[in-house]
Amino acid sequence: MTTVPRYAGDFADRYDDWFTPSTGSTKETVDLLARLARSAPPGPLLELGIGTGRVALPLAGRGHQVHGIDAAPTMVDQLRAKPGGDELTISFGDFSEVDHDGEFAMVYVANGTFFELPTQQAQLRCFARAAQRLLPGGLFVLDGHLPEVLAAHSGGGAQSVASANGDPMLRTRRLQPASQRYTSDYLVLDEGIFRHVQVVFRYAAPGELDLMAAAAGLRLRERFGGWSGAPFDDSSRWHISVYELPA
Ligand SMILES: C[S@@+](CC[C@H](N)C(=O)[O-])C[C@H]1O[C@@H](n2cnc3c(N)ncnc32)[C@H](O)[C@@H]1O
């Protein structure tokens with residue numbers, strides 16, 4: 001059975017209010033994905049962990065046919081309630097299986113969601129299944145934080161972080177290097193009541209992701225330092241990796 005993360009099950013109606021995108025703004029994300037889609041073969045797009053449609057709906061609004069997978073009906077209910085939300089084809093289940101009919105020009109996963117897959121096996125499976133769903137020349141795109149940067153910004157107590165709607169929010173981040181995991185705990189002051197939201201991630205460095213891609217028959221086409229399209233260099237805090245299925 002697919003596990004629904006607690007933030008998605010219990011706080012789906014607050015996701016857009018509270019959680020700001022961590023690897024680039026929504027506009028930057030949509031702009032870069034649209035640019036990448038133009039460089040891929042013609043065909044539909046598939047978002048893994050489509051959530052409330054933050055990225056998928058604006059992409060669909062630009063004329064792309066966007067499909068999605070998510071484990072949480074509560075998140076998809078939010079998407080469906082938005083303009084255009086009833087036009088997307090969405091499957092429910094574990095996105096590491098990429099169990100969705102069709103072949104895609106681009107499969108993508110945004111906002112650190114790939115690292116919500118809890119094990120290396122699940123992440124490897126996701127690469128392999130995504131590759132099987134791609135048209136020749138198709139792209140698999142994901143973002144992620146860099147482990148060194150996570151390490152530098154973990155521990156040290158609670159930090160005040162910005163929420164999208166201004167609700168006061170504190171975050172602690174604990175790194176568990178032996179298992180390549182980190183746990184983010186959020187305390188959000190919601191109309192006078194503190195809510196606790198925990199998200200657990202299994203991180204991987206770009207080199208490990210490249211090996212997973214190679215095992216799936218994909219090759220790295222390019223890597224950006226953010227959804228802005230900035231170059232990936234020593235100052236980057238995260239990366240956008242673009243893998244290609246050779247035509
Ligand atoms: C952080 S949200 C991101 C949503 C959207 N991609 C965005 O950028 O706003 C991650 C989404 O992935 C879903 N999710 C996490 N792990 C999943 C899994 N293994 N299978 C399916 N969905 C999953 C959650 O339910 C949630 O809707």
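The values are calculated or read from the model by the stated rules, or taken from the named source; none is laboratory data. No experiment lies behind these values; they were computed from the predicted model shown. Don't worry about glycine lacking a Cβ; one is built from the backbone with ideal geometry, like all the others, and counts go over all protein chains shown. These area figures cover heavy atoms from the full protein model, side chains too; ligands, DNA and RNA do not enter into them. Shrake-Rupley method; radii C 1.70, N 1.55, O 1.52, S 1.80 Å.
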Inset, instruction - Filter segment 137-177 down to residues that are within 19 Å of the chain's Cα centre (by Cα) and part of a helix (DSSP H, G or I), then give me how many there are. - result: 3
Legend entry - Hits in segment 112-150 - residues which are open to solvent by less than 30 Å² (accessible area, probe 1.4 Å) and touching a Gly at 6+ places or on another chain (Cβ under 8 Å): 112, 113, 114, 115, 131, 138, 143, 144, 145
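Would you be able to say whether some residue in segment 93-105 is over 16 Å from the mean Cα position of the chain (by Cα), within 14 Å of the ligand (Cβ to nearest atom) and in contact (Cβ under 8 Å) with a residue 12 or more places away in the chain?
Checked segment 93-105: at least one residue is over 16 Å from the mean Cα position of the chain (by Cα), within 14 Å of the ligand (Cβ to nearest atom) and in contact (Cβ under 8 Å) with a residue 12 or more places away in the chain.
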Inset, instruction - Looking only at segment 6-35, count how many residues are in a helix (DSSP H, G or I) and modelled with pLDDT of 90 or more. - result: 17
Legend entry - Sole exception among (1) in a loop (DSSP other than H, G, I, E, B); (2) buried (at least 20 other Cβ atoms within 10 Å of the Cβ); (3) not basic (Lys, Arg) for residue 47, by number: (1)
Inset, instruction - For segment 55-64, indicate whether the set of residues that are in contact (Cβ under 8 Å) with a residue 40 or more places away in the chain and within 10 Å of the ligand (Cβ to nearest atom) is non-empty. - result: yes
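Yes or no, residue by residue, for (1) over 25 Å from residue 95 (Cα atoms); (2) in contact with a Lys or Arg (Cβ under 9 Å, 6 or more places away or on another chain); (3) at pLDDT below 95:
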site: 121; (1), (2), (3): no, no, no
site: 127; (1), (2), (3): no, no, no
site: 138; (1), (2), (3): no, no, no
site: 142; (1), (2), (3): no, no, no
site: 154; (1), (2), (3): yes, yes, yes
site: 180; (1), (2), (3): no, yes, no
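Would you be able to say whether some residue in segment 151-158 is farther than 30 Å from residue 36 by Cα, open to solvent by 50 Å² or more (accessible area, probe 1.4 Å) and not small (Gly, Ala, Ser)?
yes
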Inset, instruction - Please specify each residue of segment 83-111 satisfying the condition of being open to solvent by 60 Å² or more (accessible area, probe 1.4 Å) and in a loop (DSSP other than H, G, I, E, B). - result: 83, 99, 101, 103
